[in-house]
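J.: Following this message is one structure expressed as C-alpha cells.
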Amino acid sequence: MGNNSWEARADEYSLYGFTDLPSVHERGAVVVTHGEGPYVFDTKGRKYLDSNSGLWNMVAGFDHPGLIKAAQDQYARFPGYHAFFGRMSDQTVLLSEKLVEVSPFDRGRVFYTNSGSEANDTMVKILWFLHQAEGKPQKRKILTRQNAYHGVTAVSASMTGKPYNSVFGLPLPGFLHLSCPHYWRNGKPGETEEQFTARMAAELEATIIKEGADTIAGFFAEPVMGAGGVIPPSKGYFQAVAPILKKYGIPFIADEVICGFGRTGNTWGSQTYDFMPDAIISSKNITAGFFPMGAVILGPELADRVQAASEAIEEFPHGFTASGHPVGCAIALKAIDVVMNEGLADNVVRLAPRLEAGLAEIAKNPNIGELRGVGYMWALEAVADRATKTPFASTLSVSERIANTCTDLGLICRPLGQSVVLCPPFILTEGQMDEMFEKLDKALKKVFAEVA
Ligand SMILES: *Cc1c(COP(=O)(O)O)cnc(C)c1O
C-alpha cells in the first residue's frame with residue numbers, strides 16, 4: 001500500500017464510523033468511486049455486489065436516472081431553503097402531504113431532520129415538550145429494548161441497546177432497556193414462543209409499574225430490529241405490548257428507519273406485524289439514500305396534542321437548518337414514487353420467497369444456527385455448535401472473516417455480532433440474487449473450514 005494510495009490517504013485524514021481499525025490497517029480501506037445498479041466500484045476498478053444496499057438505504061441502486069434527474073431539476077429550480085419562522089418550500093409541503101397519505105394514519109403532521117438519529121432525538125424532545133406542556137414534567141423516561149438501534153446522537157445512542165455505548169458513558173439516566181424479543185437466542189429451555197412473548201409483555205408491565213407510568217415519556221421499537229442483528233419480533237409480541245402501553249398512557253413510537261417503504265414486504269413494518277403506532281420515525285430509504293433526510297410522522301392524536309402545546313407555549317423551539325430541504329424533499333417524493341409505483345416494492349413481495357429459499361439452502365450449513373428475517377432483510381447467525389447454539393470464540397472474529405472473504409469475492413455484506421446481514425436493494429435481479437447466493441455460500445464454506 002503506497003503512501004499516496006487512496007487507502008493510505010483515507011487512513012491518514014479521515015475517521016471511519018463503526019470500523020475495526022486493525023483490520024482496515026491490515027486489509028486497506030475500500031475507496032468507492034461510483035455505482036451501477038446494485039454494484040459499486042472502487043479506485044482499483046474492482047466491482048462489488050452490495051448486498052447491504054449501502055447502509056440499508058440505496059434501495060433503487062447507485063445510479064437511478066429518475067432520482068438523479070429529480071435532484072438536478074430541483075437544484076435548478078430552488079437549491080435550498082429552511083422550514084423555520086412559518087416559511088417552508090413548496091416541495092416540503094408536497095412531501096408532508098405524501099408522507100401522511102402513505103402512512104397508516106388518516107391524519108398527521110411531519111417534522112424533518114437530516115438523519116434517523118436526529119429524528120429519534122426530535123421525537124424524544126417532542127414527547128418531553130408535550131408532557132411538560134400537559135403538566136407532567138416528570139414524564140421523561142424512555143423505554144427501548146436491548147439490541148435496539150436508534151442512532152448515535154447522545155439521546156438516540158442512549159436509546160440504542162448496545163454495550164458499545166458504554167465507551168461514551170452512555171446511556172444517559174432515564175433511558176431504560178427491556179429484554180430483546182429474540183426467541184431463538186433468549187427463550188428459556190422448555191419455554192414455548194407464546195410463553196416467551198408473554199414473559200416479554202409481563203416484563204414491560206412490571207417495569208411500568210415499578211418506574212411509575214407517570215415517569216415514562218414513551219416506548220420506541222423497530223418493527224424488525226435492524227442493526228441489532230435483523231431480529232423479527234417473537235410471535236404476537238406487538239399485539240402483547242401495544243395494549244399495555246395504551247393502558248398506561250405511554251406513546252408507542254415505531255422506528256421504521258429501516259423497515260419503512262417496503263423493506264419488510266409492506267410499506268411499513270408496523271403493517272407487516274399488524275400494529276398501529278402513535279408516530280413513525282423514518283429515514284434511510286425515504287430518499288433511497290440520495291439525500292440525507294429523516295422524518296418524524298406524528299399520528300392524529302400526537303399531532304393534535306403537539307399542536308395544542310405549541311399554541312399554548314407559542315412555539316416549538318426546535319429545528320435544523322436543513323430541515324425539509326427542498327432538494328431532499330423533491331428526491332424523497334420521487335423515491336417514494338419509484339419504490340411504490342415503479343415496481344420496487346413489488347419486487348420485494350415477489351422475490352422475498354426466492355431470497356428466503358436461497359438463504360435457507362445456504363443455512364443448511366451445520367455452522368449456521370439461525371436464518372432469520374422477513375422481506376428483504378435477513379441474517380445468518382454462525383454457531384460453533386448448532387444443537388447447543390454455542391457461538392464461536394469471539395477471538396476468531398468469524399463474521400468479520402466471512403464478510404472479508406465475501407469482499408474478496410466481490411460481494412459486500414455486513415458482519416453483525418456473529419451474524420452476517422443481507423439486505424439487498426429492491427432492484428436486484430434474479431441473476432444478481434444468484435450471484436449473491438453463490439459468493440456467500442463459497443465464503444461461508446471457506447471460513448468454516450478454517451475455524452470449525
Ligand atoms: C440507521 C438507523 C437509525 C439512525 O439513522 P442515522 O441516519 O444513521 O442517524 C435509527 N434507527 C434505525 C432503526 C436505524 O436503522
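J.: For region 66-206, would you read off the P(r) tail past 21 Å as a percentage of all alpha carbon pairs?
T.: 63 percent
J.: Moving to a separate point now. Can you compute the modelled spin-label distance between LYS445 and TYR164, with each label point 7 Å from Cα toward Cβ, in nm?
T.: Spacing of the two 7 Å Cα→Cβ label points: 3.2 nm.
J.: Can you list, largest first and rounded to whole Å, the semi-axes you get for the chain by taking the square root of 5 times each eigenvalue of its Cα gyration tensor?
T.: Whole-Å semi-axes of the equivalent ellipsoid: 34, 29, 20.
J.: A further question on this structure: Any idea how far the Cα center of region 206-232 sits from the one of region 236-307, in Å?
T.: Answer, in whole Å: 13.
J.: Follow-up. Based on alpha-carbon centroids, what's the gap between region 57-115 and region 5-51 in Å, whole number please?
T.: 30 Å
J.: Rounded, prolate or oblate: which one fits region 83-147, using the alpha carbon gyration tensor with axes a ≥ b ≥ c (rounded when a/c is under 1.5, else prolate when a/b beats b/c, else oblate)?
T.: Note, shape of region 83-147 comes out prolate.
J.: Now for a different question. How compact and how long is region 314-362, expressed as Rg and Dmax of its alpha-carbon atoms in Å?
T.: 18.6, 59
J.: Go through region 103-113 residue by residue and turn each phi into a ³J(HN,Hα) via Karplus (6.51, -1.76, 1.60, θ = phi - 60°); whole Hz please, and just put x for glycine and proline.
T.: So the Karplus estimates, Gly and Pro as x, are 6, x, 8, 7, 8, x, 9, 10, 10, 9, 9 Hz.
J.: Let me ask something additional. Counting only helical runs of four or more DSSP H residues, what would the 222 nm mean residue ellipticity of the chain come to if each run contributes -39,500 (n - 2.57) and the total is spread over all its residues?
T.: -13000 deg cm²/dmol
J.: For ALA312, what is the net charge nearby, where nearby means another residue's Cβ is under 11 Å from its Cβ and Lys, Arg count +1, Asp, Glu -1? Please list the in-between numbers first.
T.: On the way: positive: ARG305; negative: GLU134, GLU311, GLU314, GLU315.
Around ALA312, the surrounding residues sum to -3.
J.: Where does the Debye-calculated log10 I(q)/I(0) of region 304-408 sit at q = 0.13, 0.16 Å⁻¹, using only Cα point scatterers of equal weight, no solvent?
T.: Log10 of I(q)/I(0), two decimals: -0.79, -0.87.
J.: Determine which residues of region 286-301 fall in the zone a paramagnetic label at ARG107 would reach in this model, i.e. backbone nitrogen under 13 Å from the point 7 Å along Cα→Cβ.
T.: Residues 299-301 qualify, since their backbone N sits under 13 Å from the label point.
J.: First select every other residue whose beta carbon is under 14 angstrom from the beta carbon of GLU26; then total the charges, Lys and Arg +1, Asp and Glu -1.
T.: Overall, the nearby charge balance is -3.
J.: Still on this structure, I have one more. Say each of GLN138 and ASP214 gets a label point 7 Å from the Cα, pointing the same way as Cα to Cβ; how far apart are those two points in nm?
T.: Simple spin-label model gives 0.6 nm for this pair.
J.: Now a separate question. Do you know the relative contact order of the chain, to the nearest whole percent, from alpha carbon pairs under 8 angstrom that are 6+ apart?
T.: 20 percent.
J.: Mind checking region 1-66 for chymotrypsin sites (Phe, Trp or Tyr not before Pro) that DSSP puts in a loop (not H, G, I, E or B) and that have at most 11 other Cβ atoms within 10 Å?
T.: Passing both the DSSP loop test and the Cβ count: TYR16, PHE18.
J.: A further question follows. For a quick check: with amide H placed at 1.01 Å from N, whose amide H comes under 5 Å from CYS180's, ignoring anything fewer than 5 positions away on the same chain?
T.: Long-range HN contacts for CYS180: GLN146.
J.: Turning to a different aspect of this structure: What value in Å³ per residue do you get for the convex hull of the alpha-carbon atoms in region 241-380?
T.: Here the figure is 152 Å³ per residue.
Every read-out reported here was derived from the displayed coordinates using simple, explicitly stated rules and does not represent laboratory data. In this text the structure is predicted, and so the values were computed from the model without any measurement. Note: ideal-geometry Cβ built from the backbone for every residue, glycine included; neighbour counts use all protein chains shown.
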